[in-house]
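What follows draws every value from the coordinates through simple rules; no lab data is involved. Given the structure is predicted, the values throughout are model-derived calculations rather than measurements. Don't worry about glycine lacking a Cβ; one is built from the backbone with ideal geometry, like all the others, and counts go over all protein chains shown.
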Amino acid sequence: MNDDPHTPDHPTDLGIRLERTNELLERMLAEVAKTPSTHAIFVDAGYVHAAAGLLVAGTEDRRSFDLDAEGLIEAFIDKARTIFADSRLLRVYWYDGARRRIHTSEQQAIAELPDVKVRLGNLNANNQQKGVDSLIRSDLESLARHRAISDAALVGGDEDLVPAVEAAQGYGARVHLWGIEAAEGRNQAEPLLWEVDSTRTFDLDFCRPYVTRRPVTTYESEGEPPPSRDEVRLLGAQIAATWLGERGSEALAELLPGHPYLPGPVDQDLLVEAERRMGRSLRGHAVLRRSLRDGFWQQLQSRL
């Protein structure tokens with residue numbers, strides 16, 4: 001054994017170094033204890049509209065019901081305040097899609113809410129969101145990496161969110177998956193459920209106050225005769241002209257290989273827009289709906 005007190009392995013020198021290390025750790029722990037925990041809420045608006053709409057209104061079509069986004073966001077904030085009792089809210093991130101990433105009036109209203117940030121992906125010709133999952137991953141990973149959050153409440157269900165969860169957890173954040181009760185089966189991917197730190201499901205009673213089905217007036221209820229097939233075909237052409245002007249030739253190229261069939265989301269949008277312009281429902285009028293599609297396709301093909 002070396003008895004020289006000036007050599008590095010002497011017990012006295014080792015004890016001094018251990019004491020200094022302990023003092024440093026104590027100071028670090030004291031600083032950590034003084035730093036409040038922070039949480040954020042990440043909401044996939046597409047998932048919320050589809051799941052809540054189907055549960056409460058029986059449809060995923062966003063044009064068939066109204067969602068009180070402000071009320072729902074406040075409910076999420078209140079729930080987080082209860083769950084993360086010793087934590088402060090950083091903000092709510094609301095992820096949605098929009099044509100050319102230009103805010104709709106509804107999205108503008110949401111963006112103006114306090115403690116809410118709207119992040120937009122794109123919408124393709126079939127009204128499918130593109131780029132939303134990557135936005136969620138980017139935000140989750142960045143906030144966790146910079147220790148801006150200790151807990152993340154993620155409202156969504158897509159399996160593509162798994163890398164976002166893994167990235168945040170890799171930096172020490174805990175990720176809690178929130179979902180909406182499925183009308184039947186499941187509306188959240190199993191790999192996502194396996195990966196998160198905890199799960200929570202909001203039931204029908206929770207969602208009902210924030211979803212309102214829009215009334216639809218039928219011709220039968222008003223005692224009015226339905227329009228002619230030519231009138232509906234012309235309307236389909238008018239809607240197609242608007243559709244093409246908004247989406248452009250690339251969207252048309254995506255649509256053409258499926259002729260004479262329209263993708264489900266496009267067909268649904270066509271029907272809802274026609275009903276909106278007429279102020280009446282075409283549900284139950286199969287012949288008129290075919291005329292509507294015929295007019296839509298004729299207009300698109302005339303632009304080739």
- Note on the structure: With +1 on the Cβ of every Lys and Arg and -1 on the Cβ of every Asp and Glu, the dipole magnitude of the range 162-304 about its Cα centre, in debye rounded to the nearest 20, is 400 debye
- Task: Place the peptides 61-69, 266-274, 192-200 in order of packing, highest mean first, counting for every residue the other Cβ atoms within 10 Å and averaging per peptide.
- Result: 266-274, 61-69, 192-200
- Query: Roughly what % of Cα-Cα distances in the range 95-207 sit above 21 Å, to the whole percent?
  - Reply: 45 percent
- Message: Let's test the formula: R0 of 30 Å, r as the Cβ-Cβ distance of Glu112 and Arg214. What FRET efficiency results, to the nearest 0.05?
- Response: 0.80
- Query: When Lys and Arg each count +1 and Asp and Glu each count -1, what net charge do the other residues less than 11 Å away from Ala40, Cβ to Cβ, add up to?
  - Reply: 0
- Square roots of five times the Cα gyration tensor eigenvalues for the chain, Å: 55, 21, 15
- Note on the structure: Out of Arg293, Arg81, Arg20, a Gaussian network model of the chain with alpha-carbon springs under 10 Å gives the largest mean-square fluctuation to Arg20
- Query: Which of His49, Ser198, Gly170 sits closest to the plus end of the dipole of the chain, meaning its Cα is farthest towards the positive end, when Lys and Arg get +1 and Asp and Glu get -1 on the C-beta?
  - Reply: His49
- Would you mind working out the magnitude of the charge dipole of the chain relative to its Cα centre, with +1 at each Lys and Arg C-beta and -1 at each Asp and Glu C-beta, to the nearest 20 Debye? 1340 debye
- Message: With unit charges on the beta carbons (Lys and Arg positive, Asp and Glu negative) and the dipole taken about the Cα centre of the chain, which residue among Ala153, Val232, Ala109 sits farthest to the positive side?
- Response: Val232
- Determine the gain in length on full extension of the stretch Ser142-Arg276; use 0.36 nm per residue of separation and subtract their C-alpha separation, reporting nm with one decimal. 44.0 nm
- Label model pair Asp66, Trp194: point-to-point distance (7 angstrom along the Cα→beta-carbon line) in nm is 4.3 nm
- Message: Could you tell me what a quarter of the Cα convex hull surface of the range 161-304 works out to, in nm² with one decimal place?
- Response: 12.9 nm²
